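Derivation of every value follows stated rules applied to the coordinates shown; laboratory data play no part. It should be emphasised that the depicted structure is a prediction, and the values quoted were computed from it without experimental measurement. Cβ placement follows ideal geometry from the backbone for every residue including glycine, while neighbour counts extend to all protein chains displayed.
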């Protein structure tokens, strides 16, 4: 059995076909005869529902509501406990909010008496260092380049809340039940954002779509200002993450709802 989780083909279908499996789980593509009759690809379908539907229509039970995971065994970085975890990186520049804006928000969090940590991969250390320095954070706040994937998941699970762009850490926050503010640029959160029934997340999006692989920050992402992000974070204050950790700062409403910030173009 070969399963194609890359997309609808045809390139990935052809590569998979070369492995000569007995059967496939994949989406239908008109150029791949063996795929005719497979589940159809729907362009506007949320990614969670898309892949669960592929499985369920192929005879494999899959519930799109079952997204929860537990953090990996082991202790999280101590500085991450109940902290505001800031993850500024993304795979492409188009989805990367400016470092100086992350720093301004991190400084606000510090001034509110909240612990802040900054995470990132080995290639994002310089980016994270700029934010730590500009926000006046201590060396204990610098986690970028010091965590493997398991450590990062533990940190996200232990954090009070997460601030990040449209990247893998946002999905970790959803799966681990950590409230988050997610900044979307060229891709609609209706496709990649936290499912709307996941009420402990805020999505900010200017309402425009574009090339998610661009080298420069997408114009719509730059439309999101620091005040909007700070306001969104404030609505999370006083809530609890899935592991019973209270988010530092004064309590506001306990019921959280995903929201999109759409502006007139």
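Cα convex hull of the range 2-57: mean projected area in nm², to one decimal?
On the way: hull surface 14.4 nm².
If you wrap the Cα atoms of the range 2-57 in a convex hull and average its projections, you get 3.6 nm².
Provide, in order from the shortest bin, the percent of all Cα-Cα pairs of the range 78-234 in each 5 Å bin, continuing until the bin that contains the maximum pair distance.
Spelled out per bin, shortest first, that is 2, 10, 21, 24, 23, 14, 5, 1.
From Cα pairs below 8 angstrom and at least 6 apart in sequence, can you work out the relative contact order of the range 2-57, rounded to a whole percent? Before the final figure, lay out each step's value.
Numbers: 60 pairs, mean separation 16.9, N = 56.
30 percent.
Considering only DSSP beta bridges where both residues belong to the chain, give the percentage that are antiparallel (nearest 5).
Rounded to the nearest five, the antiparallel share is 5 percent.
Of 50, 40, 154, which is the most mobile in a GNM of the chain whose springs link Cα atoms less than 10 angstrom apart?
Fluctuation is largest for 40.
Under a 10 Å cutoff between Cα atoms, tell me which one of 121, 59, 177 has the largest fluctuation in the Gaussian network model of the chain.
Ranking 121, 59, 177 by mean-square fluctuation puts 59 first.
Debye sum, Cα scatterers, the chain, no solvent: what log₁₀ I/I(0) at q = 0.07 1/Å?
-0.27
In degrees from 0 to 90, rounded to the nearest 10, what is the angle of the helix 99-111 Cα long axis to the longest principal axis of the chain?
Value to nearest ten degrees: 50.
In Å and from the alpha-carbon atoms only, list the Rg and Dmax of the range 186-237.
Spelled out, the Cα radius of gyration and Dmax of the range 186-237 are 12.2, 34 Å.
Given the rule -39500 (n - 2.57) for each run of at least 4 DSSP H residues, summed and divided by the residues of the chain, what is its mean residue ellipticity at 222 nm, to the nearest 500 deg cm²/dmol? Before the final figure, lay out the partial values.
Working: 9 runs with 77 residues, N = 265.
Calculated from helices alone, the mean residue ellipticity at 222 nm is -8000 deg cm²/dmol.
Give me the distance in nm between label points sitting 7 Å out from Cα along the Cα-to-Cβ direction at residue 133 and residue 199, one decimal.
4.4
Evaluate E = 1/(1 + (r/R0)^6) for residue 36 and residue 148, where r is the Cβ-Cβ distance and R0 equals 41 Å; express this FRET efficiency to the nearest 0.05.
It comes out at approximately 0.45.
In the Gaussian network model of the chain, springs joining C-alpha atoms below 10 Å, which of 223, 231, 23 carries the largest mean-square fluctuation?
With Cα springs under 10 Å in the chain, the top fluctuation among 223, 231, 23 is at 23.
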